[in-house]
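The values are calculated or read from the model by the stated rules, or taken from the named source; none is laboratory data. These figures come from a predicted structure and were not determined experimentally. We place every Cβ from the backbone using ideal geometry, glycine too, and count neighbours over all the protein chains shown.
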Amino acid sequence: MVENRPWVTYLTHVMLVVGVLIMAFPIYLTFVASTHTLPELLDRPMPVLPGSHFIENYSTALTSGVKELGVSVGRMMFNSLIMALGITCGKIFISLLAAFAIVYFKFRFRMFFFWLIFFTLMLPVEVRIIPTYKVVADLGMLDNYVGLTLPLIASATATFLFRQVFLAVPDELAEAARIDGASPVRFFLDILVPMTRTNMAAMFVILFIYGWNQYLWPLLITTDESMYTIIIGINRMLAVGDDFAEWQVIMATTMLAMLPPVVVVVSMQKLFVKGLTETEK
Amino acid sequence: MEKRVVFGHPVLPYLLVAPQIAVTLIFFIWPASQALFQSVLRQDPFGLRTEFIWFENFIELFTTPAYMDSIKVTVVFSFSVAILALTVALYLAVQADRVIRGGMAYKTLLIWPYAVAPAVAAVLWLFMFSPTLGIITYTLEVLGYDWNHKLNGTEAMMLVVVASSWRQISYNFLFFLAGMFAIPKSLIEASAIDGAGPAKRFWTIVFPLLMPTTFFLLVMNMIYAFFDTFGVIHMISEGGPAGATMIMVYKVYEDGFRALDLGGSSAQSVVLMAIVIALTVVQFRYIERKVEY
Amino acid sequence: MAEVLMKGVKKSFGKVEVVHGVDCHMEDGEFIVIVGPSGCGKSTVLRMIAGLERITKGEISIGGRVVNNLEPAERDIAMVFQNYALYPHMSVYKNMAYGLKIRRMPKFEIEERVQKAAKILELSEFLNRKPRQLSGGQRQRVAMGRAIVREPKVFLFDEPLSNLDAKLRVQMRLEIRRLQKRLGITSVYVTHDQVEAMTLGHRLLVMNNGNMEQIGTPIDLYERPRTVFVAGFIGSPAMNFLTAGISADGTSVKLTSDESLLLPEEFSKYGGREVTLGLRPEHLIVNEKDGHIKFKVEMVEELGADSLVHGYFGSENTILAIRVPGTMKIKADMNLQLTCELQNLHLFDPESGNRLEV
């Protein structure tokens, strides 16, 4: 704003604060709910200030979960963590290799592979659920971590990001390394990878969130409760119907489910923003 | 886009691309082609008999009222989400762009909802609107309105739209902010000197320069609404009541996994594939022009 | 012995030939500068010596060994790049040690070499810093350090000073020359700056449009340029070129309808020919008594020690530039008489551009 009108600035701040509050309100409420007992919640209207049963609810959630579910939230968080880390590390690993090959090597089928990988950018898992399910089932990977992770590392966003990063690395660096006697692999490990550390970190943040928040795929793949991810777990907890749901534990679980991705975003905000803006190019 | 320096190793590149290609072929190309293949077959649930029926599945789809309804629902849903998320985000971004102090703090506070899974966002809003103990439900009751999204289709649609938009606001906010940051301050100052007030400056300069960003976000929001919102629907309404929130991607799941209509579900998958390819192509075409802006 | 031999070296990209045949024999310890305008092919030639470009035709040998099919790392060469090409995430020490590390040199030997090079280049206190913490000149020295520690047979320089400011360039020029003299390693240096070339090289290889125009010592190129291009490229300010005709008997060259210059006897065999006459600004002397060339001053650039005077001569108003001592006060619109010593006349064939020899 060019003009210097203090009251407009004041108003702007007010609107922003209102915006922040509205965005935060659902979370606040959830937190409040997770600190009361069920009867307190059912007593309409539900309280809007935090209660005193924080420890009780959260420990129940973590150790035993909801009665009908049969699996603890702690276990489900573990599953989610494995899945998220598996997807993140798997994707970064294969993308680095593939991007390196496509940028720095001349080989037959190079363009073909490039377009093949590009093609995967366009089709999210939701449009191929049934046949992918069949493939995973045929490979005997239902209800295990491999089946949970592997199909989701196929898409190419990370490959494209790394490709762009590698293309921006000056040619002379590779030439100097070549004269220094570095083989392609050494060049990749000693020079390229360390140079792209920030991009990898940004990708890590984005992919971790993507992996943790997966819904459709874990829903299909896991039938055994001990393999539920935490988000699926919440759904199962609600499945008993509105009137019987143990809302206080469910809300505690929800808070826990939100925690890792939010912590990652807030603590690595710069990387998160970088990763988001660069993958969408 | 070529590097001047290329290695000419005979075997290594193939080894390097192998993992990605392998995963792509097994979990991507093969299933996608299977979906295509299945969509032109009719198979009974026991898999005993398969008939090659060409485009019958597709014709059947487009003449089934349930599917046409689903298309309508999806269109309404995605446009609502896009419009709601874009306008709120734009407003907040404009406000945030204006403040000099505290800008970073607002940015942090407004972007973290994106970290929340769509499905979890659904739970948050479901909780507030729960007919049993939702606080907003209670407030509406006091005001004389009886909210029950389990029975009322429009209410269900409103709920899923709000739940889906909530986290997209963060995403759009981020990109709008970046887009405005890229507008040279000198342009704003020049127009101020020319006599334009803040509102006029916004509509005649800032907004037109944000068009590429807006367009980009529109496409991204549509893609989000079409595909990433499965969790929202599944958590809140499961496509109901009576198909009021049966968006296309949910229908694929419903028909494929619940009703076990593989042919129909595959045909729907193919339709969705076509849509997403079209959207992506549009986006890439436009991004190319965006660079020249 | 680290002599470099280039025999009929040609380079094509697809169907387009960009280097049309370079022959050169570089002695061990010689400093050769390949100089020419942008796009003349000099960098391509350097890269072919380095092994970064494949040689389409011809042969290059280093130290008696034909290297056409050898990888850069196997040719025992080291290269200093225009953009330094330092590994940004490694310290100065690591940058210099990298090539040696790959060759599995023992640690203590690496340490010894790096410290020695650092001392020569005055980098000892920067060994632990990263490239981004150094200035342009310091980075360039690290790039040279990386080359020195390898103790190669040949040093290759690809326009290393182009990214430095003018003052630093002059300073670094001297340093490079001192270094090469001290280490005595055969060096091939590419630049587009003819002043750099003249001051650094034992011999210069002038290229234009993929062709090798001339190879010789700086003075050779200055006094006896073989083509119009070399004549115009070497020497600053550039040589003046005039179209002229040799008289029928070959004793004088006619500049305009009424002005001629005497030629030394030797040119008689070219009697009656049209030529391109080259006269360097510093060789056109103001001589009111014997001057044959009537010169009208348009503009004077006073540089202090010298002045550059621009003006016209003759009926067709041909443009000329002359260099005079700064003490001579010349003003615009003055009329001067110029003369030129016979041995400073350069005659070239107007079509081929080649020097007319006697």
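Summary of values
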{"item": "Residue in the stretch C:269-284 that is touching a Gly at 6+ places or on another chain (Cβ under 9 Å), in contact (Cβ under 8 Å) with a residue 12 or more places away in the chain, over 30 Å from C:His192 (Cα atoms) and surrounded by 16 or more Cβ atoms within 10 Å (Cβ to Cβ) present", "result": "yes"}
{"item": "Counted residues, the stretch C:68-92 - those being away from chain A (no Cβ under 13 Å) and over 24 Å from A:Pro194 (Cα atoms)", "result": "2"}
{"item": "Condition check for B:Thr139: polar (S, T, N, Q), part of a helix (DSSP H, G or I) and farther than 23 Å from A:Thr9 by Cβ", "result": "yes"}
{"item": "Residues that are away from chain A (no Cβ under 14 Å), over 18 Å from C:Asn208 (Cα atoms) and either hydrophobic (A, V, I, L, M, F, W, C) or buried (at least 20 other Cβ atoms within 10 Å of the Cβ) (or both), drawn from the stretch C:40-57", "result": "C:Ile55"}
{"item": "Pairs where the first residue, in the stretch C:229-241, is in contact (Cβ under 8 Å) with a residue 40 or more places away in the chain and farther than 16 Å from C:Leu308 by Cβ and the second is among the acidic types (Asp, Glu) and crowded, with 22+ Cβ neighbours inside 10 Å, C-beta under 6 Å, 6+ apart", "result": "C:Phe229/C:Glu213"}
{"item": "Selection count, the stretch A:226-274, where residues are small (Gly, Ala, Ser), out of contact with any helix residue (DSSP H, G or I) (no Cβ under 6 Å at 6 or more places or on another chain) and closer than 27 Å to A:Met203 by Cβ", "result": "1"}
{"item": "Selection count, the stretch B:60-79, where residues are free of Cβ contacts under 8 Å to residues at least 40 places away in the same chain and either within 14 Å of chain A (Cβ to nearest Cβ) or assigned to a loop (DSSP other than H, G, I, E, B) (or both)", "result": "1"}
{"item": "Hey, A:Phe187 within 12 Å of chain B (Cβ to nearest Cβ), of a type in the set (A, V, I, L, M, F, W, C), closer than 30 Å to C:Asp158 by Cβ and assigned to a helix (DSSP H, G or I) or not", "result": "yes"}
{"item": "Candidates C:Glu282, C:Glu316 - the one that is outside any strand (DSSP E or B), closer than 17 Å to C:Gly232 by Cβ and not small (Gly, Ala, Ser)", "result": "C:Glu282"}
{"item": "Contacts under 6 angstrom Cβ, first residue in the stretch C:172-183 being within 14 Å of C:Glu30 (Cβ to Cβ) and modelled with pLDDT of 90 or more, partner surrounded by 19 or more Cβ atoms within 10 Å (Cβ to Cβ) and hydroxyl-bearing (Ser, Thr, Tyr), 6 or more apart", "result": "C:Gln180/C:Ser187"}
{"item": "Failed item, numbered, when A:Gly181 is tested on (1) without any contact (Cβ under 8 Å) to a residue 60 or more places away in the chain; (2) more than 12 Å from chain B (Cβ to nearest Cβ); (3) surrounded by fewer than 16 Cβ atoms within 10 Å (Cβ to Cβ)", "result": "(3)"}
{"item": "Residue that is nearest to the other protein chains (Cβ to nearest Cβ), among those in the stretch B:80-89 that are touching a residue at least 24 places away in the same chain (Cβ under 8 Å) and surrounded by fewer than 22 Cβ atoms within 10 Å (Cβ to Cβ)", "result": "B:Val88"}
{"item": "Selection from the stretch C:301-322 of residues that are surrounded by 18 or more Cβ atoms within 10 Å (Cβ to Cβ) and at pLDDT 85 or above", "result": "C:Ser307, C:Val309, C:Gly311, C:Ala321, C:Ile322"}
{"item": "Residue tally, condition touching a Phe, Trp or Tyr at 6+ places or on another chain (Cβ under 7 Å), surrounded by 16 or more Cβ atoms within 10 Å (Cβ to Cβ) and not in a helix (DSSP H, G or I), over the stretch C:113-129", "result": "1"}
{"item": "Residue ID - surrounded by the fewest Cβ atoms within 10 Å (Cβ to Cβ), chosen from residues in the stretch B:16-37 that are facing chain A (nearest Cβ under 7 Å) and aromatic (Phe, Trp, Tyr)", "result": "B:Trp30"}
{"item": "Search result, residues across the stretch C:319-355 that are within 23 Å of the chain's Cα centre (by Cα) and part of a loop (DSSP other than H, G, I, E, B)", "result": "C:Leu345, C:Ser352, C:Gly353"}
{"item": "Helices (runs of 4 or more DSSP H) completely within the stretch A:1-113 that count 1 or more residues being in contact (Cβ under 8 Å) with a residue 24 or more places away in the chain, closer than 26 Å to B:Ala121 by Cβ and within 11 Å of chain B (Cβ to nearest Cβ)", "result": "A:6-33, A:38-42, A:73-104"}
{"item": "Single unsatisfied condition, A:Phe118 versus (1) in contact with a helix residue (DSSP H, G or I) (Cβ under 7 Å, 6 or more places away or on another chain); (2) surrounded by fewer than 21 Cβ atoms within 10 Å (Cβ to Cβ)", "result": "(1)"}
{"item": "Any hit, the stretch A:219-226, residues being at the interface with chain B (Cβ under 10 Å from one of its Cβ atoms), closer than 30 Å to B:Ala267 by Cβ and buried (at least 18 other Cβ atoms within 10 Å of the Cβ)", "result": "yes"}
{"item": "Single condition C:Gly99 does not satisfy, out of (1) modelled with pLDDT of 90 or more; (2) of a type in the set (Gly, Ala, Ser); (3) more than 20 Å from C:Val4 (Cα to Cα)", "result": "(1)"}
{"item": "For B:Val282: the one exception among (1) assigned to a helix (DSSP H, G or I); (2) buried (at least 23 other Cβ atoms within 10 Å of the Cβ); (3) not charged (D, E, K, R)", "result": "(2)"}
{"item": "Count of residues meeting criterion [farther than 18 Å from A:Met227 by Cβ and within 8 Å of chain B (Cβ to nearest Cβ)] in the stretch A:130-154", "result": "6"}
{"item": "Among (1) under 15 Å from A:Phe105 (Cα atoms); (2) surrounded by fewer than 21 Cβ atoms within 10 Å (Cβ to Cβ), the one test that A:Ala168 misses", "result": "(1)"}
{"item": "Condition check for B:Ile233: surrounded by 16 or more Cβ atoms within 10 Å (Cβ to Cβ), farther than 27 Å from B:Trp147 by Cα and in contact (Cβ under 8 Å) with a residue 12 or more places away in the chain", "result": "no"}
